[in-house]
Every structure is written in structure tokens, then in C-alpha cells.
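Notes to accompany the following structure.
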Amino acid sequence: MFAAETPVDHSPLSAATPVRYTPGVQHPGAPDGRGWFITIEGPDGAGKTTQADALADHLRRDGHDVLLTREPGGTWLGERVRNVLLARTPTTAATDPMTDAILFNAARRQLVTEVIRPALAQGRTVICARYADSTLAYQGYGAGVPLDRLRALQVMATDGLEPDLTFLLDLPVEAGLERKAPGDVTRFEAEFDLAFHRRVRDGFLALAAGSPGRFVVIDATRATIEVATAVNTTADRLIESGEPKAYAARTT
Ligand code: TYD
């Protein structure tokens, strides 16, 4: 479940369904020290939602106080921006990719300030399905917005908050797109071609190669349980080590 404190709606594109969000943390700043910030990235249909749920359950069983959220979304405002960004509606003009990037980052800023930073300050472990790497992969590598402009936006949105650990669930784009249920197809899957999605996948892999201290690349073509074991084991090692930056990029 994404928002630990609220029921989860897995049909974000339907206007009729209630919008889910993670309520703001009510008592920020309790313990000293910061919680772990873990993100899960990957092409469409890689299984991020399933693996984020499984990792949260796993860490909770080990006694961790976990906050599970997602992008775009995770706040009242963010879930509304999500509906605007992902809805497949007829438009008079294609959406400019920089417009997309600004909107994704607007939702991101609200999530970081309202939810993620306060939770980390309380010592909670935050798991977020998609984060800033998705904008670099989709709007940057995929749609061609210069990466330096996107990185500048990202700094504005996050004030420099980076994950301690990022899982890249990697799989061929055809395999990921085939996994999507017809009712769960977003504008990005419906309106962008295979070449776009291949650039996105390659972009994620390039980002992983460029930040070996943060990324762990996971082969997501395997059975869900095998992927979950790889994710959980890696997260356990990170948390036990207490040294997030000691991690090297690798395929698990
Ligand atoms: P999501 O529900 O994460 O899809 P999936 O389950 O297939 O991963 O949908 C989010 C869509 O938005 C996805 O197609 C990727 C896209 N996206 C961007 O283009 N840029 C971003 O910064 C983010 C966070 C998502």
C-alpha cells in the first residue's frame, strides 16, 4: 500500500475514484538522525508498485517505521497534478516536455517538503516509487530536454535531497509495456513510441552507471518473488552497513 495511512486507489486516472495521498507528518523532528531514503525506478511495467509494497512489508516486519509513497503524487496537490499529467485526453497540441518536467517537479517539491523531509527527520524509512531520476530518464533522455536544465529544476524542487539507495528495476521495454493492463495505460505509454521508451530505459542505465554509489540495477524480467528477494536483501545490507555511499552499482 502506498500511502500507509490512507486507503490506496490504484486507478489514478479515474476522476470518480477518491484521490489518495500521504498526510503530512504531524510531529516533525522527533528523534535525532535521518531515516533512510530509498527510491525505486524503472521503465513502465517494471513492477515498481509491487516491489515498493513488498519492500515496505519486509522492512516493517523487521521493525522499521516505513513511509511508502509515490511520484507523481503522494500529496493532495500531487495526486491532482498526477491526474493532469497522466490522463489520456484529446488535446489541441502535444504537451511540451519542459511543461511536463515543470509539473512533475512541482508535484515533487510538494511531496519533498510536506511528506518526505519531515518523515526522514523523524527517523522514518521512506520508500518512494519514482523520484527525480524519472524526469531525467523520461523528459531528458526520452523527450530531449537538456539534462542540465532538468538538474537545475531538480535542485529547485528537492533542495538537493538525494536518495541513499535507488533500485533500478530493469527490463526490455516491450516486456514492460506488455505487462500493463489496458485500463492502466498512461499518456506516456499511449502517446510515445517504442524508440522513446528505449531511450528512457537506456537513460536509466546511464544514470545508474553515472551514480554507482547510489544505484543498484535489478533484473526485473525474473519472477516477482525473485526480484523481491534481491531488493529486500540489498536494502537489508544497506541498512545494516550504515554506510549508504559505500554501495557500488551492480546488477543483482
Ligand atoms: P506510473 O504509475 O509510475 O507508471 P508505471 O506503473 O508504468 O511505472 O506512471 C507514471 C508515468 O509518468 C510513467 O509513464 C512515467 C512518467 N513520469 C515521467 O515522465 N516523469 C517523471 O518525472 C515521473 C515521476 C513520471
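Couple of notes before you dig in:
- Average projection area in nm² (convex hull over Cα atoms of region 110-193, one quarter of hull surface): 6.9
- For region 37-246, the Cβ-based charge dipole about the Cα centre amounts to some 340 debye (Lys, Arg positive; Asp, Glu negative; other atoms uncharged).
- Taking amide H as placed 1.01 Å from N in the peptide plane, Val216 has its amide H under 5 Å from the amide H of Thr166, Phe167, Leu168, each at least 5 places away in sequence or on another chain.
FYI, it's all coordinate maths here, none of it is from the lab. These figures come from a predicted structure and were not determined experimentally. Glycine also receives a Cβ, built like all others from the backbone with ideal geometry; neighbour counts cover every protein chain displayed.
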